[in-house]
Amino acid sequence: MAQMYGQHGDQEHCRFYLSKANEEGYPIKDALRDNEFAGLRTKPEFVAFVRSLKPRLQATTDGRKIEVVVRFTGCAPNRFV
């Protein structure tokens, strides 16, 4: 969804779905390279928003925090892209 809104230049909806995808563990920093977000990358507020998103952290059994990265190889309808 974020990619679709990004292609259409709809920053508000794009940011919403990028936030949701970030919560699910999608590597959001890729948005700064993906062609679908090319039009929005020219906007400093979009770049700042993407850079402000934090990856999900997961605690290990010994108390350390690790970054959880989930890469989607496909996309089911109505799922984050």
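Against the condition farther than 15 Å from K54 by Cβ, among the hydroxyl-bearing types (S, T, Y) and touching a residue at least 12 places away in the same chain (Cβ under 8 Å), how does Y17 come out, does it pass?
Yes: the conditions hold for Y17.
I'd like to know if segment 27-40 contains one or more residues that are closer than 16 Å to M1 by Cβ, acidic (D, E), out of contact with any helix residue (DSSP H, G or I) (no Cβ under 7 Å at 6 or more places or on another chain) and without any contact (Cβ under 8 Å) to a residue 24 or more places away in the chain.
Within segment 27-40, one or more residues are closer than 16 Å to M1 by Cβ, acidic (D, E), out of contact with any helix residue (DSSP H, G or I) (no Cβ under 7 Å at 6 or more places or on another chain) and without any contact (Cβ under 8 Å) to a residue 24 or more places away in the chain.
Tell me which residues, restricted to segment 10-33, are surrounded by 14 or more Cβ atoms within 10 Å (Cβ to Cβ) and part of a loop (DSSP other than H, G, I, E, B).
Correct list: D10, G25, Y26, P27.
Does G63 count as under 11 Å from the mean Cα position of the chain (by Cα), modelled with pLDDT under 90 and at positive phi?
Answer is no for this residue.
The values are calculated or read from the model by the stated rules, or taken from the named source; none is laboratory data. In this text, all values refer to a predicted model and were calculated from it rather than measured experimentally. Positions of Cβ are backbone-derived with ideal geometry, glycine not excepted, and every protein chain shown enters the neighbour counts.
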